[in-house]
Amino acid sequence: NDGNDATCEPDGAVDFICSNNQKVGEMEDGVCRTSGQYECTYCGDGVKQPVEECDDGNRENGDGCNEFCVVEDGCLIGHKWDIDENPLDGWEIIAYQVDGDNEFSTTTSDSGFFGFDDLTPGLWLVCEEMQDGWEVVPGYQECYYVTVEPGDLCAAQDFYNVQIPPVG
């Protein structure tokens, strides 16, 4: 169509994206206000438009691309254990975004659990803050690189420590 108005009514669509080639129009009472040739698509149709961060073909949250076609944040969880897999509470865990300025810290719970929500997807460095009288169990590390994916499936990383025996 080469008119100024375009009506787009895909089945079940709520949020429309109207484009004139690469130009975005405005929806007004179900009408795309744009000029020249137009194409109206909607979030969740599986076709990523320039104004969408993603379009995975559905309008479900928690799968990496939310109902508004925006990439979802991710999460990172884990536990802090001693060598016998007893939980260690009160330990500080720090997450550093590798390609960004974000840094978050949390403290392990009574069950040794820690978690970070709303992390930007990408590469993160997660580290434990070592406490006096403890060391990392051989074969494990004090810091790990972890890839956080968008959506509800959390990346996971555990830490293992052993108490240093007293000298003498």
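Quick notes on this one:
- The charge dipole of the stretch 31-151, taken about its Cα centre with unit charges on the Cβ of Lys, Arg, Asp and Glu (plus for the first two, minus for the last two), comes to roughly 580 debye.
- Cα centroid separation, the stretch 103-168 to the stretch 60-91 (Å): 12 Å
- Amide proton proximity set for TRP91, modelled H, under 5 Å, gap of 5+: THR108
- Close amide H pairs (under 5 Å, H built 1.01 Å from N) link ASP82 with LEU88, ASN161, residues at least 5 positions away or on another chain.
- Label zone at TYR145 (point 7 Å along Cα-to-Cβ), backbone N below 15 Å, the stretch 74-103: 96-100
- Full extension of the segment from ASN61 to ASP89, taken as 0.36 nm per residue of separation minus the current Cα-Cα distance, would add 6.8 nm.
Every read-out reported here was derived from the displayed coordinates using simple, explicitly stated rules and does not represent laboratory data. Quick caveat: nothing in here was measured; it's all calculated off a predicted structure. Please note: Cβ atoms are built from the backbone with ideal geometry, for glycine as well, and neighbour counts cover all protein chains shown.
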